[in-house]
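Shown next, in structure tokens, is the structure this report addresses.
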Ligand code: FAQ
């Protein structure tokens, strides 16, 4: 059987492609692009919430937030490792990120103005991430699918801590309830943009679905997220900022208003509210960490020398 046929049959039978298996160049390139963008999102995604670690309102909230942001660093590391199994060079991926040549999720280019944003990121951003990533646990590329299982478990925990924080704030003062509503208003539409462009304009969906890398289209997952979130908003006692949001009994789904795709394009092309700041911070952290990388490499070289001797 030739290599392409073997690959096609593996996909057809819903089995996994592993690093040493033959795969088409375009399949490999698609995965490197998607996994690298995902890894970068986790690393850049540490910044908006990291902004509140020193100002968390209690020791308990500070410990929770610290742990969450550390988890995100861990997710970035699993994902860079998954990209390495495809032959990608991690240093090169990091270089591309800090040079602004490789994308990361649009959502992390918005500012976190109050502590309620921490809760809303957990509820909506992690909620959207789970919706998008649970199907990726069945992605056809083994190392990515396996990394996603652990990541999704941690993301579910993140989502719950966000919702719990918001429930606590909603039981608090009028000012706290106002903060939660304001954060919900600011994060709702950007959360819907996390799922990517509409299917008709999604360059990669069709190919990635045929390869079973993606299991659902961008619009399917966005709809699932809306359907799942509306009752959560009701239980919390906040409104979602969309006058067109209403249950459509015929479709069995919520209808919702038009997303501002011009804003989405602006943000992913580098011109969102915080893009420049996020990359500058990442670049500075990378430069400041150079001595750690050098010391670790020197230590590894010494150990290798000792093993040989
Ligand atoms: N932002 O043809 P499609 C997290 C790009 S969750 C920026 O539809 P595809 C957890 C897309 O890359 C966030 N760029 O592409 C967390 C492509 O660009 P290219 C990360 C976007 O790949 C929570 C072009 O537009 N999650 O980090 C966005 O089939 C809280 C055309 O789009 C993942 O990465 C966007 N929103 O579908 C961390 C999940 N949408 O490469 C901290 C894995 C699209 O041609 C705190 N990725 N683009 O220049 C995926 O599921 C997919 O890659 C999609 C895009 C759905 C994001």
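The values are calculated or read from the model by the stated rules, or taken from the named source; none is laboratory data. Everything quoted here is computed from the prediction, not taken from an experiment. Cβ atoms come from the backbone with ideal geometry, glycine included; neighbour counts cover every protein chain shown.
Quick notes
- Here residue 150 passes the criteria (1) within 14 Å of the ligand (Cβ to nearest atom); (2) touching a residue at least 40 places away in the same chain (Cβ under 8 Å); (3) in a helix (DSSP H, G or I); (4) surrounded by 17 or more Cβ atoms within 10 Å (Cβ to Cβ) except the one numbered (4).
- The residue of the range 94-109 that is nearest to the ligand (Cβ to nearest atom), among those that are buried (at least 21 other Cβ atoms within 10 Å of the Cβ) and within 12 Å of residue 39 (Cα to Cα), is 105.
- Test set (1) away from the ligand (no atom under 16 Å from the Cβ); (2) outside any helix (DSSP H, G or I); (3) surrounded by 11 or more Cβ atoms within 10 Å (Cβ to Cβ) - residue 251 fails condition number: (3)
- Of all the listed residues (287, 260), the sole one being under 27 Å from residue 227 (Cα atoms) and either under 29 Å from the mean Cα position of the chain (by Cα) or loosely packed, with under 12 Cβ neighbours inside 10 Å (or both) is 260.
- Failed item in (1) more than 14 Å from the ligand (Cβ to nearest atom); (2) surrounded by 24 or more Cβ atoms within 10 Å (Cβ to Cβ), with residue 86 passing the rest: (2)
- Selection status of residue 125, crowded, with 22+ Cβ neighbours inside 10 Å, assigned to a helix (DSSP H, G or I) and at pLDDT 95 or above: yes
- Candidate set from the range 195-239 (those that are without any contact (Cβ under 8 Å) to a residue 60 or more places away in the chain, within 22 Å of the chain's Cα centre (by Cα) and part of a loop (DSSP other than H, G, I, E, B)); member that is farthest from the ligand (Cβ to nearest atom): 217
- Residue match in the range 162-185 (condition: surrounded by fewer than 21 Cβ atoms within 10 Å (Cβ to Cβ), touching a residue at least 12 places away in the same chain (Cβ under 8 Å) and within 12 Å of the ligand (Cβ to nearest atom)): no
- Flag set for residue 120, criterion: outside any strand (DSSP E or B), more than 9 Å from the ligand (Cβ to nearest atom) and surrounded by 18 or more Cβ atoms within 10 Å (Cβ to Cβ).
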